[in-house]
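Below is one structure; the comments refer to it alone.
Readers should treat all values here as calculations from the given coordinates under stated rules, not as data from a laboratory. Note that the coordinates shown come from a computational prediction; the quantities given were computed from them, not determined experimentally. Glycine also receives a Cβ, built like all others from the backbone with ideal geometry; neighbour counts cover every protein chain displayed.
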Amino acid sequence: MGGATWLLVVASVAVAATAGVFVAFSTFVMRALGDLPPADAVRAMQAVNRRAPSPAFMALLVGSTLLAVAGAVGAVVTGGRVVPAVAGAFLAVVAFAVTGVVNVPLNDRLGATDPSDGARAWPAYAGPWTRANHARAGLGLLSALLLAMAAVPA
């Protein structure tokens, strides 16, 4: 197995791991927070958002996107399975963009919210944030699948 193929395999695993974090939030974390009183949900998510940009998670989030793009470039250069590689990289970039365009601004807004205003703030945050997170999860899983497909010889 050549270097470009290994890059696609590693990119697929990294993108899938990132998508797994998003799936966890979509399937049970946000639901559990929604079971709390709104002020407590706001406090809890504020705490999560302070911890989320850790070096390990940022390396996974940014690194998986860069690996996907590098894997697509490798497929183009080596004459590999270009279509699934490029499509997978594109979806990884879109998932990353959703994070920056939707989720992070919502997190920042929630971070500036007084938890005592949770009855208003939590529903305004949780719905849009979770919908965008569903998109990130789906895009990431499809990206991982396409990158894995690109790693398999035709």
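When segment 70-81 is filtered for residues that are surrounded by fewer than 19 Cβ atoms within 10 Å (Cβ to Cβ) and either among the small types (Gly, Ala, Ser) or without any contact (Cβ under 8 Å) to a residue 40 or more places away in the chain (or both), the ones remaining, listed by number, are Ala70, Val73, Val76, Gly79.
The condition of being small (Gly, Ala, Ser), surrounded by 18 or more Cβ atoms within 10 Å (Cβ to Cβ) and touching a helix residue (DSSP H, G or I) at 6+ places or on another chain (Cβ under 9 Å) holds for only one of Ala124, Ala148, that being Ala148.
So, in segment 44-62, of the ones that are part of a helix (DSSP H, G or I) and surrounded by 15 or more Cβ atoms within 10 Å (Cβ to Cβ), which residue ends up farthest from the chain's Cα centre (by Cα)? The selected residue is Ala44. Checked against (1) touching a Gly at 6+ places or on another chain (Cβ under 8 Å); (2) outside any helix (DSSP H, G or I), Ala19 meets all criteria but (2).
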